[in-house]
Amino acid sequence: MTQDLNATAMQRYHDHFDNTQYSAIGEFLASNLNADRDDQRVMDGLIAVQNAAFELCRHPNFDGAWHRLAVFCGQNSISFHTVDAIRDFLRRFSPDDARIDDFEATTKGILRAYSGLDDLKTAIAHANGVHGWRGRMAYELLAAVEYFTLTAVQLLAHGDETYIREKLRNGLHRITGALYEGVRYSQQRSLYNFKSTYFPDESDA
């Protein structure tokens, strides 16, 4: 039975495969990675594309391949143009499959999150130089955003949950620090009192 599934999936892959599209993706990857076409990183990317296509063809040995491809693209700064080309290639094998949408959204979410971190770090540095409680509060809030951005990337990448919790905790500590500035120094201290805020725990499951 397993052999029949494998054979059916492989036949579907070959029936819908387009070498022109696949070769173009290889060239795009090489350009994005600033590498030769036969560089191992480019080959790894092409293999990830192929494995995702196998998954869409219902090959039982490639579950989750679309996500591994998304993480590869997100962590290697693959361009949106290349991601779009990969998406269009994958649609050959299962045009309306939601996993293709998830691949595109996951990849672009990670890419956008990473692209914003450099500007965010610059903003944090500038805010750190502002005197007064407003500057200190802004600094803490921007630092919290950095932690939450890294948390979101880890969630999209299915990262380790212990690491995710650590980043969340650090971000919440930064928010707490920001609120202390408002409560201590603002002329409208009650505006920064969020004592009633509730965080869910296991009992809410």
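The single condition from (1) touching an Asp or Glu at 6+ places or on another chain (Cβ under 8 Å); (2) more than 29 Å from V145 (Cα to Cα); (3) part of a helix (DSSP H, G or I) that I124 fails is (2).
Here is a yes/no grid of residues against (1) basic (K, R); (2) under 26 Å from F103 (Cβ atoms):
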residue	(1), (2)
K121	yes, no
G159	no, yes
R174	yes, no
V183	no, no
S190	no, no
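Scanning the range 52-68 for residues that are of a type outside the set (D, E) and not in a helix (DSSP H, G or I) turns up C57, R58, H59, P60, N61, F62, G64.
Could you please let me know if L90 is hydrophobic (A, V, I, L, M, F, W, C) and closer than 21 Å to L168 by Cα? Here the answer is no, as L90 does not meet what is asked.
Looking only at the range 113-161, how many residues end up being buried (at least 18 other Cβ atoms within 10 Å of the Cβ) and basic (K, R)? Looking only at that region, the number is 1.
Is there a residue in the range 149-157 that is touching a residue at least 12 places away in the same chain (Cβ under 8 Å), touching a Leu at 6+ places or on another chain (Cβ under 9 Å), in a helix (DSSP H, G or I) and in the same structural domain as Q11 (by TED's automatic domain parsing)? For the range 149-157, residues touching a residue at least 12 places away in the same chain (Cβ under 8 Å), touching a Leu at 6+ places or on another chain (Cβ under 9 Å), in a helix (DSSP H, G or I) and in the same structural domain as Q11 (by TED's automatic domain parsing): absent. Set side by side, the residues V49, V42, V71 differ, and just one is touching an Asp or Glu at 6+ places or on another chain (Cβ under 9 Å), of a type in the set (V, I, T) and part of a helix (DSSP H, G or I), which is V42.
Of the candidates A30, A24, A35, the single residue that is outside any helix (DSSP H, G or I), out of contact with any strand residue (DSSP E or B) (no Cβ under 6 Å at 6 or more places or on another chain) and hydrophobic (A, V, I, L, M, F, W, C) is A35. One residue stands out among those in the range 89-140 that are polar (S, T, N, Q) and in contact with a helix residue (DSSP H, G or I) (Cβ under 7 Å, 6 or more places away or on another chain): the one that is nearest to I78 (Cα to Cα), which is T107. Inspect the range 17-31 for any residue being over 30 Å from A143 (Cα atoms), surrounded by fewer than 18 Cβ atoms within 10 Å (Cβ to Cβ), touching a residue at least 40 places away in the same chain (Cβ under 8 Å) and of a type in the set (A, V, I, L, M, F, W, C) and give the result as yes or no. There is at least one residue in the range 17-31 that is over 30 Å from A143 (Cα atoms), surrounded by fewer than 18 Cβ atoms within 10 Å (Cβ to Cβ), touching a residue at least 40 places away in the same chain (Cβ under 8 Å) and of a type in the set (A, V, I, L, M, F, W, C). Looking across the range 32-47, just one residue is within 21 Å of R92 (Cα to Cα) and crowded, with 21+ Cβ neighbours inside 10 Å, and that is G45.
The values are calculated or read from the model by the stated rules, or taken from the named source; none is laboratory data. The structure presented is a predicted model; accordingly, all values stated were derived computationally and were not measured. Glycine also receives a Cβ, built like all others from the backbone with ideal geometry; neighbour counts cover every protein chain displayed.
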